[in-house]
Amino acid sequence: MQTIGFIGLGNMGGPMAANLVRAGYLVKAFDLSADALAQAEAASCVVAMSASEAAQDADVIISMLPAGKHVNSLYVTGQTPLFDVAKKGALIIDCSTIEADMARSISALAIERGIDFIDAPVSGGVGGAQAGTLSFIVGASEAQFEKAKPVLESMGKNIFHAGEHGAGQIAKACNNMLLAILMAGTCEALNMGMKNGLDPKVLSEIMKQSSGNNWALQVYNPVPGVMDNVPSSNDYQGGFQVDLMFKDLGLAMELSQSSASATPMGSAAKGLFNLHKSHGNGALDFSSVIRLYS
Ligand code: NAD
């Protein structure tokens with residue numbers, strides 16, 4: 001049985017680790033949060049007392065952390081960097097959404113140490129993580145991609161090879177910039193309809209069957225009560241935090257600047273999420289941005 005060390009058991013990492021257990025892997029799991037550890041234990045993960053304990057002797061190490069600084073600290077600059085702990089030949093899959101440049105530089109350091117480090121950010125939200133239907137967007141060599149695929153298939157449905165190291169993060173930044181624009185546009189349209197007397201359920205169904213159809217309308221409606229089991233119907237708890245979407249829009253804007261790509265819509269979306277965050281909504285799910293309109 002392959003052993004997987006899993007670090008970061010939050011909204012996404014928790015259900016991803018649980019799916020690896022279901023697929024038959026021995027998962028040694030670690031998070032800074034005691035609640036997250038208790039949930040992992042309930043999902044039959046072996047709870048580790050530190051990241052290095054989870055990573056020791058693991059064939060595969062997976063991280064699902066908030067941002068680049070956490071990933072860099074975990075593997076390279078922290079007190080016990082996992083690059084000092086990982087066994088030779090171990091495959092490290094970082095599923096967090098981080099800077100493409102950072103993913104590239106960490107993988108270059110890994111190569112010097114005889115370790116494989118690849119970027120594999122995900123799309124599909126908490127629902128996709130729970131259902132095991134995530135999309136993985138991988139930046140890796142061909143050989144590393146083939147090595148990672150069976151593990152990723154235990155947590156996801158679509159496993160894409162975007163290109164070499166860092167390419168997964170570039171594709172992910174493009175996707176999330178588009179997601180922010182689509183969510184903001186969906187909120188804008190629904191709010192206008194409701195202010196003009198329409199029932200949001202009826203309007204959502206109309207747009208879903210028409211040319212305005214998009215992912216937010218299909219599986220992540222931002223208006224409370226339109227859909228069951230989405231963050232908007234749970235007071236915007238769980239899901240994908242405004243703070244994380246704001247971080248991702250920052251990553252997209254860095255790419256836009258470094259490549260001189262025009263992103264006026266992405267820039268407007270970043271302004272909108274920044275305003276929403278500045279009102280104290282950073283910990284809410286990102287679909288709560290509809291509150292800015294009402
Ligand atoms: P989260 O805040 O729910 O989870 C992050 C977890 O990491 C927390 O439990 C935290 O305690 C833990 N953590 C932080 N530093 C740690 C450390 N040094 N050691 C161990 N644990 C540590 O975030 P999330 O929503 O699960 O997102 C994780 C990543 O996935 C982010 O990069 C995010 O951008 C990306 N992502 C999230 C979604 C989503 O819908 N939530 C979708 C796609 C991608």
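The values are calculated or read from the model by the stated rules, or taken from the named source; none is laboratory data. Here the structure is a predicted model, which means the values were calculated and not measured. Glycine also receives a Cβ, built like all others from the backbone with ideal geometry; neighbour counts cover every protein chain displayed. Accessible surface is based on the protein model in full, side chains and every heavy atom, while ligands, DNA and RNA are left aside. Shrake-Rupley method; radii C 1.70, N 1.55, O 1.52, S 1.80 Å.
Some notes on this structure:
- Intensity falloff of the chain expressed as log10 I(q)/I(0), Debye formula with alpha-carbon point scatterers, at q = 0.14 Å⁻¹: -1.02
- Protein accessible area in the chain, 1.4 Å probe - carbon and sulfur %: 53
- Legend: residues 64, 1, 16, sorted from most to least accessible area (1.4 Å probe; ligands, DNA and RNA excluded), read 1, 64, 16.
- Most mobile of 200, 222, 231 in a GNM of the chain (Cα contacts under 10 Å): 200
- With all protein chains kept in place, the per residue accessible area of the stretch 2-160 amounts to 40 square angstrom at a probe of 1.4 angstrom.
- Think of the stretch 29-84 as having a plus end and a minus end, set by charges on the Cβ of Lys, Arg, Asp and Glu; of 75, 44, 60, 75 sits farthest toward the positive end of this dipole.
- Only protein heavy atoms count here; under a 1.4 Å probe, residue 70 has an accessible surface of about 70 Å².
- Of the residues 75, 25, the one with the largest accessible area comes first in the ranking 25, 75, computed with a 1.4 Å probe on protein heavy atoms.
- Positive-pole candidate from 134, 278, 34, dipole of the chain, charges at beta carbon: 278
- Its residue count N sets the reference 2.2 N^0.38 Å, and the alpha-carbon radius of gyration of the stretch 33-117 equals 1.08 times that reference.
- Fraction of the pair-distance distribution of the stretch 179-269 above 19 Å, Cα-Cα pairs, percent: 47
- Within the listed set 119, 94, 199, the Gaussian network model of the chain (springs between alpha-carbon atoms below 10 Å) gives the highest mean-square fluctuation for 199.
- Springs between Cα atoms under 10 Å define the GNM used for the chain, and in it the highest mean-square fluctuation of 229, 72, 11 occurs at 229.
- Here the Debye sum runs over all C-alpha atoms of the stretch 18-172 as equal scatterers in vacuum, and log10 of I(q)/I(0) at q = 0.16, 0.17 Å⁻¹ comes out as -0.86, -0.98.
- Accessible area of residue 50 (1.4 Å probe, protein heavy atoms only, ligands and nucleic acids ignored): about 40 Å².
- Over the stretch 183-255, accessible surface divided per residue gives 49 Å², non-protein components excluded, 1.4 Å probe.
- Distance between the stretch 231-260 and the stretch 138-160 - C-alpha centres, whole angstrom: 24
- Assuming charge only on the beta carbon of Lys and Arg (+1) and of Asp and Glu (-1), the dipole of the chain about its Cα centre is about 380 debye to the nearest 20.
- Whether the stretch 197-249 is rounded, prolate or oblate, judged on the alpha carbon gyration tensor where a/c under 1.5 counts as rounded: oblate
- Rg and Dmax, both from the Cα atoms of the stretch 120-164 and both in Å, are 10.0, 30.
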